[in-house]
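Take a look at the structure set out below.
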Amino acid sequence: MTSVSLASVSKVFAPDVKAVNNLSLHINDGEFLVLLGPSGCGKSTTLRMIAGLEDVTEGEIRIGDRIVNDVAPKDRDIAMVFQNYALYPHMSVYKNMAFGLELRYGGNSLHRIWKRLTSPTEAANVAAKRRGIREAVRQTAQALRIEHLLDRMPRQLSGGERQRVALGRAIVRQPAVFLFDEPLSNLDAKLRMETRRELNELHQRLSTTMIYVTHDQTEAMTLGERIVVMKDGEIQQIGSPMEVYDRPKTRFVAGFIGSPPMNFVSGRLAADADELSFVAAGLKIEIDQKQTQLLAAVGNEQTVELGVRAEDVMVEKCETDSGVNFGSVSLVELLGDCKLLHLLVGPDRSGAQNEVTKLVCRVESRADIARGDAVRLRFKAENLHLFDDNSGANLIADRG
Ligand code: ATP
């Protein structure tokens, strides 16, 4: 098992394209770490620098205790699985899987003949290892349920089968570190779920260090032991899936993680004698008084953004929908195990943006609430977030 460290790593493609900016990160031995972020945030570039497929402009990358900035990709003891599989089209599945090991143990036949003449003992060792390749490929193919495909060519495989072969080719090499670049993107939803589960099992079985790049927050949440959320070439937050879900440091992280996305409502803080509240169109929500640093924001008349997840908005049907913390259901989306209610809150629901608050809440699918119903709203105070309008930082002290 091997750790991976990045110390102040940057990648500049052109003077005006800084893909990765001063990134420092330590990936533990045997950890499954996910790099998550939107398109263009620099996650693939980071992975490609670890793989040695991109030069590092500044900083240092270590794999184990070796600095690898100048080590060739083939000598880094890593295996990479790409989104587009990158199988050799003219080789059978068996050959695709065996190729890396065959290269490692002896290369082409001329090279092996030369070795037999110049160093017979080493040549005998290598020959024994080469004999083990067939069994290693067979065992891996069996574990991935592609044993019956070993004689086929890549063009004769479905997308899911190709992805398994690409995975198998990486596994059979027993690398110190696996690197995955959006490996499930080309699969349909069902296959993606199955392969995700298999990757999880694979990591449990092998306990090898794995670094996985994706823009899909569900993949990040289900696979990662820790998630690194990136934006514009920089790290926004590093944490366990529940840390980034429950305690997002920034509005960006809060909005990127979770489905449906977190509700954001622009408003201001109001303090009177014994109460601190968040106030927006149709809403007045009490905030924990202990959040003393929030009072500074109140003093400045600063606008802030409330963040609340759909499951933290609670509704009950009522007769009236006028007044503070009342609303009406404008749309219902049934998801099977639950339904999402789209709510309009505020004095003017005809559409004037600053007079209506839009919220989405999650209720049981059998809850007796339908489009057009009036509802009273309550909020789980302990799960509310307040974000600074300018910096996007989470103002709630124990969150940020
Ligand atoms: P995606 O999910 O779309 O692959 P990403 O987060 O992996 O996005 P990168 O591929 O790392 O992003 O790209 C980061 C930035 O660097 C982007 O602005 C991209 O246009 C730029 N970039 C990437 N490769 C090159 C290159 N070879 N030459 C110039 N700019 C590049």
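Does residue 286 meet the test of being away from the ligand (no atom under 16 Å from the Cβ), open to solvent by 60 Å² or more (accessible area, probe 1.4 Å), modelled with pLDDT under 95 and on the phi > 0 side of the Ramachandran plot? Break it down into steps so the answer makes sense when it comes.
Working: away from the ligand (no atom under 16 Å from the Cβ): yes; open to solvent by 60 Å² or more (accessible area, probe 1.4 Å): yes; modelled with pLDDT under 95: yes; on the phi > 0 side of the Ramachandran plot: no.
For residue 286, the condition - away from the ligand (no atom under 16 Å from the Cβ), open to solvent by 60 Å² or more (accessible area, probe 1.4 Å), modelled with pLDDT under 95 and on the phi > 0 side of the Ramachandran plot - is not met.
So, of the residues in region 34-46 that are within 11 Å of the chain's Cα centre (by Cα) and crowded, with 21+ Cβ neighbours inside 10 Å, which turns out to be farthest from the ligand (Cβ to nearest atom)?
Going through the qualifying residues, I end up with 34.
Could you please give the count of residues in region 248-274 that are farther than 15 Å from residue 215 by Cα and crowded, with 18+ Cβ neighbours inside 10 Å?
First, pick out the residues of region 248-274 that are farther than 15 Å from residue 215 by Cα: 248-251, 260, 262-274.
Filter once more, so that each one left must be crowded, with 18+ Cβ neighbours inside 10 Å: 248-251, 262-263, 265, 267, 269.
Number of matching residues: 9.
Can you tell me how many residues in region 1-24 are within 15 Å of the ligand (Cβ to nearest atom), open to solvent by 30 Å² or more (accessible area, probe 1.4 Å), touching a Ser or Thr at 6+ places or on another chain (Cβ under 6 Å) and of a type in the set (A, V, I, L, M)? Explain how you work it out, then say what you get.
Kept after step one, since they are within 15 Å of the ligand (Cβ to nearest atom), are these residues of region 1-24: 6, 9-23.
Next, from what is left, pick out any that are open to solvent by 30 Å² or more (accessible area, probe 1.4 Å): 12-18, 21-22.
Then keep just the ones that are touching a Ser or Thr at 6+ places or on another chain (Cβ under 6 Å); that gives 12, 21-22.
Still in the list and also of a type in the set (A, V, I, L, M): 12.
Adding up the residues that qualify gives 1.
For region 47-65, how many residues are over 21 Å from residue 222 (Cβ atoms) and either open to solvent by less than 10 Å² (accessible area, probe 1.4 Å) or of a type in the set (A, V, I, L, M, F, W, C) (or both)?
Applying the first criterion (over 21 Å from residue 222 (Cβ atoms)) to region 47-65 yields 48-65.
Pick out the ones that are also either open to solvent by less than 10 Å² (accessible area, probe 1.4 Å) or of a type in the set (A, V, I, L, M, F, W, C) (or both) and you get 49-51, 53, 56, 61, 63.
Going through region 47-65 one residue at a time, the tally reaches 7.
What number of residues in region 358-390 are open to solvent by 40 Å² or more (accessible area, probe 1.4 Å), under 20 Å from residue 279 (Cα atoms) and out of contact with any Ser or Thr (no Cβ under 7 Å at 6 or more places or on another chain)?
Qualifying residue count, region 358-390: 8.
Just checking, which of 68, 81 is within 16 Å of the ligand (Cβ to nearest atom) and buried (at least 16 other Cβ atoms within 10 Å of the Cβ)? Before the answer, list the steps.
Details: 68 fails: within 16 Å of the ligand (Cβ to nearest atom).
Just one listed residue meets the conditions, 81.
Determine whether residue 179 is outside any strand (DSSP E or B) and either under 20 Å from residue 86 (Cα atoms) or within 16 Å of the ligand (Cβ to nearest atom) (or both).
Values: outside any strand (DSSP E or B): no; either under 20 Å from residue 86 (Cα atoms) or within 16 Å of the ligand (Cβ to nearest atom) (or both): yes.
Taking the combined requirement at face value, the residue does not satisfy it.
Report, by residue number, each residue of region 18-43 that is part of a strand (DSSP E or B) and in contact with an Asp or Glu (Cβ under 9 Å, 6 or more places away or on another chain).
Within region 18-43, 18, 19, 20, 21, 22, 23, 32, 33, 34, 36 qualify.
The values are calculated or read from the model by the stated rules, or taken from the named source; none is laboratory data. Predicted, not measured: the structure shown is a model, and the values here were computed from it. Note that we place each Cβ from the backbone using ideal geometry, even for glycine, and neighbour counts take in every protein chain shown. Just so you know, the surface numbers come from the protein's heavy atoms only, side chains and all, with ligands and any DNA or RNA stripped out. Shrake-Rupley method; radii C 1.70, N 1.55, O 1.52, S 1.80 Å.
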